[in-house]
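**Student:** I am attaching a structure below and will ask some questions about it afterwards.
Just so you know, all these numbers are worked out from the coordinates, no wet-lab data involved. For clarity, every value in this text was computed on a predicted model and none was experimentally measured. Counting neighbours? That spans all protein chains shown, and the Cβs are built from the backbone with ideal geometry, glycine included.
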Amino acid sequence: MKQILCDMKKQACYIKKIDIEGLWGRKNISWSLRPDVNILSGVNGIGKSTILNKSVSTLTVLQGGSLSNDYGLTNVKFTFYPEDATYIHFDAIRSFDRPLLHSDLLEKMADKNVKTELDWQLYQLQRRYLDYQVNIGNRIIECLTSGNPEDAIKAKELSAPKIKFQDHMDELFGETCKKIIRSKNEIMFEQDGDVLCPYQLSSGEKQILVILLTVLVQDNDSGVLFMDEPEISLHVEWQEKLIRLIRELNPNVQIILTTHSPAVIMNGWMDAVTEVSDITEK
């Protein structure tokens, strides 16, 4: 499916392999990846987060020019599919809800309620969500005005991911009686007659919202979703559902994550787990 979805602009559909030379000056990493789900495991301090962070920082640099399958100026090398791709879409989700170091400055730039790292991610996602809705809305109008009966079915399909996302949020937040307000263009919630902005949610609620909203606004595009210990602050039942919910919203995204949680992998993803020790060459 991923091969079909690749366009002629040489977008990389996924990462086939990550090689890192001289991790901490003494280890080489060679990690062959699946196009769907990849879970990195290992004891504390073995390098899971370091591997993810180096990969994300290198991709960020490469996005400024053309993708390369060589080491170049860094000690990280990627093999993409297709190998002559010129760009790749990716998102990196930070799990820790720490206070922002420059909160005074950010309050002047953004919503005054933006206090933590998860708040900042949500603030940025709200804008991507608005763009996503405009894009989907334009495509629906185009279908409905085409005069082709088949396009009416396509218009309904275009609106399905957003509805599925809203249904997932209502189900996840059901025990606390929170429901997403579907009539608003921005993400807002209703609880017992009160209107809540996302920054008023708990850390765990913010975390699952950041993850699923990020996946929704990818708009079923191929690319990579990096997550470092996404189980932090999540209830064990949410951890068990996490990968399934992501793949329901975007089956074309490649997931690369680290975890210490058995719950994340227990529902059919044991074969996607790689131990850091198994990809380390001394």
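**Student:** What does the helix-only formula give at 222 nm for the chain: each DSSP H stretch with n ≥ 4 adding -39500 (n - 2.57), the total divided by the residues, and the result rounded to the nearest 500 deg cm²/dmol?
**Tutor:** Calculated mean residue ellipticity at 222 nm is -12500 deg cm²/dmol.
**Student:** In nanometres, what is the gap between the two model label sites at VAL195 and THR79, each 7 Å from Cα along Cα-to-Cβ?
**Tutor:** Computed distance between label sites VAL195 and THR79 equals 5.3 nm.
**Student:** Lysine pairs in the range 101-220 with Cα distance under 13 Å, only those 8 or more apart or on different chains: how many are there?
**Tutor:** Here the count comes out as 4.
**Student:** What is the distance in Å between the Cα centroid of the range 181-241 and that of the range 143-172?
**Tutor:** So the separation of the two Cα centres works out to 20 Å.
**Student:** May I pose another question? Would you work out which of THR176, THR145, ILE163 lies farthest towards the positive end of the dipole of the range 101-220, given +1 charges on the beta-carbon of Lys and Arg and -1 on that of Asp and Glu, about the Cα centre?
**Tutor:** THR145
**Student:** Rank GLN239, GLN133, GLN218 by mean-square fluctuation in a GNM of the chain with C-alpha springs under 10 angstrom and give only the top-ranked residue.
**Tutor:** It is GLN133.
**Student:** Compare the Cα positions of LEU216, TRP238, LEU201 along the charge dipole of the chain (+1 at Cβ of Lys, Arg; -1 at Cβ of Asp, Glu; about the Cα centre) and return the one farthest towards the positive end.
**Tutor:** Positive-most Cα among the choices belongs to LEU216.
**Student:** At a threshold of 8 angstrom on Cα-Cα distance, excluding pairs fewer than six apart, so keeping six or more, what relative contact order does the chain reach in percent?
**Tutor:** Here the relative contact order equals 28 percent.
**Student:** Let me ask another. What nm value, rounded to one decimal, do you get for the distance between THR60 and ASN220 when each label is placed 7 Å out toward the C-beta?
**Tutor:** 3.1 nm
**Student:** Could you check which residue among LEU158, LEU144, LEU23 shows the biggest mean-square fluctuation in a GNM of the chain with a 10 Å Cα cutoff?
**Tutor:** Of the options given, LEU144 has the highest mean-square fluctuation.
**Student:** Can you pull the one-decimal nm distance between simple spin-label points at GLU171 and ARG34, each 7 Å off the Cα toward Cβ?
**Tutor:** 2.1 nm
**Student:** GNM, the chain, Cα, under 10 Å: largest mean-square fluctuation among VAL76, VAL134, VAL264?
**Tutor:** Answer for the Gaussian network model of the chain: VAL134.
**Student:** Give the label of the value calculated from the structure for Cα Rg over 2.2 N^0.38 Å, choosing from (1) 1.05; (2) 1.22; (3) 1.15.
**Tutor:** Answer by label: (1).
**Student:** Could you run the Karplus curve 6.51 cos²θ - 1.76 cosθ + 1.60 with θ = phi - 60° over the range 81-87 and give me ³J(HN,Hα) per residue in whole Hz, x for Gly and Pro?
**Tutor:** 10, x, 5, 9, 5, 10, 7
**Student:** Excluding same-chain residues fewer than 8 positions from LYS16, which aspartates and glutamates have a Cα within less than 14 Å of its Cα?
**Tutor:** Within the straight-line cut-off, LYS16 pairs with ASP36, ASP70, GLU83, ASP84.
**Student:** In addition: Could you calculate the contour length gain from PHE96 to GLU281, that is, 0.36 nm times the residue separation minus the distance between their Cα atoms, to one decimal place in nm?
**Tutor:** Between PHE96 and GLU281, full extension yields an extra 63.6 nm.
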